[in-house]
Amino acid sequence: MDTLTDSGHSGEITWLGRVLDRNVTLRAETLAKVQATFDGLDGEFHGGPTRPACVRVKMLHPKGTEIRNTRQLSILSAEECALIAADIGVDVLNPEWLGASLVIKGIPDFTHIPPGSRLQTPDGTTITVDLENGPCNWPGKEIEADRPGHGQAFRKAAEHRRGITAWVERPGALAIGDTVKLFVPTQRGWQPE
């Protein structure tokens, strides 16, 4: 019994990057290609098999508690980035400002693809979707540094458009121009009543 099905949607990686040291800056460096490992992207600050619990999971774990790292990657939609850019009054929303790992073009309603979905390249590199990435204030500070007067609008404009967090299920190379197919869980939505 298959637990995932081909959604019929695919996209293209239009940008790749990594955050080298989050303690210094959220700003990501741009890459043309990168190796995805079980620990995330080579050289990525957010990589590793575990991470300290943060505000995203404060309901479950005290801050700093070591937990499984399901936030190795931050993946954005090119289309949603364009909407955010228009709302905050900049021509282009630079993924570097957001600490992005990947930007993907072509998958509709990207921020809301179901948790547990998979993004897979033709060579088999597979990324598992964790959750929607809620907007925070840090990207606004990076935007403000390069486009004064526009950063404070980011958090509101990015609500439900901030992309997803994810982790590497199957290692392999990722490069600009790679196609990714979206596979979604076959499980129906939860109906507690």
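Details
- Global size of segment 4-185: 15.4, 45 Å for Rg and Dmax (C-alpha atoms, Rg to one decimal, Dmax whole).
- Across segment 73-86, coupling constants 3J(HN,Hα) worked out from phi with the 6.51/-1.76/1.60 Karplus curve, θ = phi - 60°, read 10, 10, 10, 10, 9, 4, 5, 5, 4, 5, 5, 4, 4, 4 Hz, and Gly and Pro carry x.
- Karplus (6.51, -1.76, 1.60) ³J(HN,Hα), θ = phi - 60°, over segment 49-61, in Hz, Gly and Pro reported as x: x, 10, 8, x, 4, 10, 4, 4, 10, 4, 5, 9, 9
- Cβ crowding within 10 Å ranks Met1, Met59 as Met1, Met59, fewest other Cβ atoms first.
- Amide H to amide H distances under 5 Å link His9 with Leu182, where only residues 5 or more positions off or on other chains count and H is placed in the peptide plane.
- For the chain, calculated [θ]222 nm from helices alone, where every DSSP H run of n ≥ 4 adds -39500 (n - 2.57): -3500 deg cm²/dmol
Here, each number is a calculation from the coordinates, and none is a lab measurement. Keep in mind that what you see is a predicted model, and the values were worked out from it rather than measured. Cβ atoms come from the backbone with ideal geometry, glycine included; neighbour counts cover every protein chain shown.
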